[in-house]
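Here the structure comes first, spelled out in structure tokens, and everything after it is commentary.
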Amino acid sequence: MMAKKTRTVHRHHSLHCADVFSHICENLDADLDSPQCREIKRHIAGCPDCTALLDSLKKTVYLYRTVPIPTIPASSRRKLYSVLSLETGRRLK
Amino acid sequence: MKTVSHISDGELIERSRTGDTHAFTQLVKRYEQLVYGFSYKVCRDKEKAEETLQDTFINVYRKLSQFNGESKFSTWLYSIVTNNCLMKRRKRKLDTEMVSLDDPPVSDKHEQRTIPAWTDSPISSLMNSELRARLDKAILKLPMEYRVVFILRDVENQTAEEAAKILKLSVPAVKSRLRRARLFLRKELNDLMVE
Ligand SMILES: [Zn+2]
């Protein structure tokens, strides 16, 4: 599965972008230090496509983590407590 | 006497089971924003999030005796919300608006010869209404099964194991859905983000 480690200038070509892609897509933030991960990091460093893919996927995740999410409106909270009061048969506040 | 904030979830659950509505209220207060926020992230709609919030806590109250304490309370809550969302999706037949990723139009393979670089301009300046609308639109196109995986893992920081428990899936299935969801969203936002 792992490409054989050879000390040539074109070492990053021993891994195909497709293999690196699926690794990138699964392990965006994992900074693992296994020999395979070191190989992958070397490939990415020398490959503009894989660099761009990794960067854009990280930005995608970042956007969804950062976009503001509303807090419960007071009216929704009031409704929740009145519904639960009915359910439990007691007044919740 | 312990202040409420120091009472563990387990103790609040225990007391709630014996009919202590004060304990149950505390439990609701502790988790209401998590449930509302997660629901909103899944459906991108305040009314639906409000409805899910109510349904979820009614279910929590009814099923409290079934919570066995083996998983975290939050994991159990996430699974109730997720079931709610999946059930509503079936009822409303919203599937037509969603793409199918089972036979993925987004290939895992290298689909473009050159991947364009995304802009480095501070993303905060991009958090305008156009971008927000695009984020909502893109994620609503994702089938619910993929959307929930993406939100649980990448937005809510749940581990793959927790997400698998919540969705009753294997860990490899979670990973595969996450991979496709990320690629799909990336592709949907691409034209907006390319420099
Ligand atoms: Zn590459």
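The values are calculated or read from the model by the stated rules, or taken from the named source; none is laboratory data. This one's a predicted model, so the numbers in the text were calculated from it and none came from an experiment. Here the Cβ is made from the backbone with ideal geometry for all residues, glycine too, and neighbour counts use every protein chain on show. Surface accessibility is based on the protein's heavy atoms, side chains included, excluding ligands, DNA and RNA. Shrake-Rupley method; radii C 1.70, N 1.55, O 1.52, S 1.80 Å.
Calculated FRET efficiency, B:Asn157 to B:Ser65, Cβ-Cβ distance, R0 = 25 Å: about 0.30 to the nearest 0.05. These residues, B:Trp76, B:Trp118, go from largest to smallest accessible area, 1.4 Å probe, as B:Trp76, B:Trp118. Can you list the residues of segment B:150-176 that have at least 30 square angstrom less accessible area with all protein chains present than in their chain by itself, probe 1.4 Å? Flagged in segment B:150-176: B:Phe150, B:Asp154, B:Val155, B:Lys175. Chain B contacts chain A over a buried accessible area of about 4400 Å², both sides summed; the probe is 1.4 Å and only protein chains count. The gain in end-to-end length when the B:Leu140 to B:His6 segment is fully stretched comes to 44.4 nm, 0.36 nm per residue minus the alpha carbon separation. Here segment B:114-195 is assigned +1 on the Cβ of each Lys and Arg and -1 on the Cβ of each Asp and Glu. Its dipole about the Cα centre then comes out at about 420 debye. Full extension of the segment from B:Ser79 to B:Val194, taken as 0.36 nm per residue of separation minus the current Cα-Cα distance, would add 37.8 nm. On segment B:144-195, 47 percent of the accessible area sits on carbon and sulfur atoms, based on a 1.4 Å probe. Extending 7 Å from Cα along the Cβ direction at B:Glu130 and again at A:Asn27 yields two label points whose distance is 3.8 nm.
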